[in-house]
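Report on the structure given below.
The values are calculated or read from the model by the stated rules, or taken from the named source; none is laboratory data. Just so it is clear, the model here is predicted, and its values are computed rather than measured. Every residue, glycine among them, receives a Cβ derived from its backbone with ideal geometry; neighbour counts consider all protein chains shown.
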Amino acid sequence: MGAPAPRLAAGSDASYHQVVPSSGERVEVELRDQLVNLGSATLGESGAIAAMPGLRAMWRGAAVAGPAFTVECAPGDNLGVHVGVAKAPAGSVLAVSVTGRLQRGYWGEVLTVAAKSAGVAALVIDGTVRDLDAIERRRFPVFARGTALPGASKNGPGSVGKRIVIGDAIVRPGDWLVGDADGVVVVPQEKLDECYEAARQRATKEAVMFEHLEKGSTTVQLLGLDPASIEVERGDPESVAR
């Protein structure tokens, strides 16, 4: 990839919360944009780790890339989230692990306003949230398991800045999270350059494949697939590749 890819905070595009950089950070903002453009699916095929099945964007068009600031909450309690918003570095993605599976609105419009004011780029939580219309109106990217109306208590315990687990993925402070319509992936910080380069090469290869497909080639041909095990009602198996 030539010079090592720069590493810093979360994305800035019309479709997700914009963090305005200083002139010295513009190259790093370009990296965030590039990761968002590559997308979670391509990155997931290139070394990133899928965070959790069912973790999805809470509004259409939400997308983000940036380093994680981690929070862990007790069941039904979001005191750790409030502390996390207050402590998170500007441009980071708040990554929240909720122990247990109580259905609570761990996040809503109040925390959204607080997070945007603090420069937090997005929320990724393996729990539930509320106030979706307000969150979308404020264009703050939130990725969650779903919605819940009851509010959360604010008593603790919890933690910030420690290693957490979201679904099947370990998330450490500084690991990168990339979220979009397909879900959320985790890129370990020490593998960011490697994963980015692999994803970039995959995207380039797929762009060439799209050109061939538009000219009439089939995926069977381009991927070198063997259709012999597929029963075809009429004709012979070779007709699949035509």
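Overview of results
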quantity: Where residue 93 falls short, out of the listed (1) modelled with pLDDT under 95; (2) closer than 20 Å to residue 132 by Cα; calculated: (1)
quantity: Scope the stretch 137-157; condition part of a strand (DSSP E or B) and in contact with an Asp or Glu (Cβ under 7 Å, 6 or more places away or on another chain); matching residues; calculated: 153
quantity: Test: residue in the stretch 122-130 that is part of a strand (DSSP E or B), assigned by TED's automatic domain parsing to the domain that holds residue 38, out of contact with any Lys or Arg (no Cβ under 7 Å at 6 or more places or on another chain) and not β-branched (Val, Ile, Thr); calculated: yes
quantity: Checklist (1) of a type outside the set (Lys, Arg); (2) closer than 21 Å to residue 44 by Cβ; (3) touching a Leu at 6+ places or on another chain (Cβ under 9 Å) applied to residue 194, failing item; calculated: (3)
quantity: Residue within the stretch 47-59 that is outside the structural domain of residue 206 (by TED's automatic domain parsing), touching a residue at least 40 places away in the same chain (Cβ under 8 Å) and more than 18 Å from residue 177 (Cα to Cα) present; calculated: no
quantity: Single match in 80, 84, 39 (criterion: under 20 Å from residue 139 (Cβ atoms), assigned to a helix (DSSP H, G or I), at pLDDT 95 or above and out of contact with any Lys or Arg (no Cβ under 9 Å at 6 or more places or on another chain)); calculated: 39
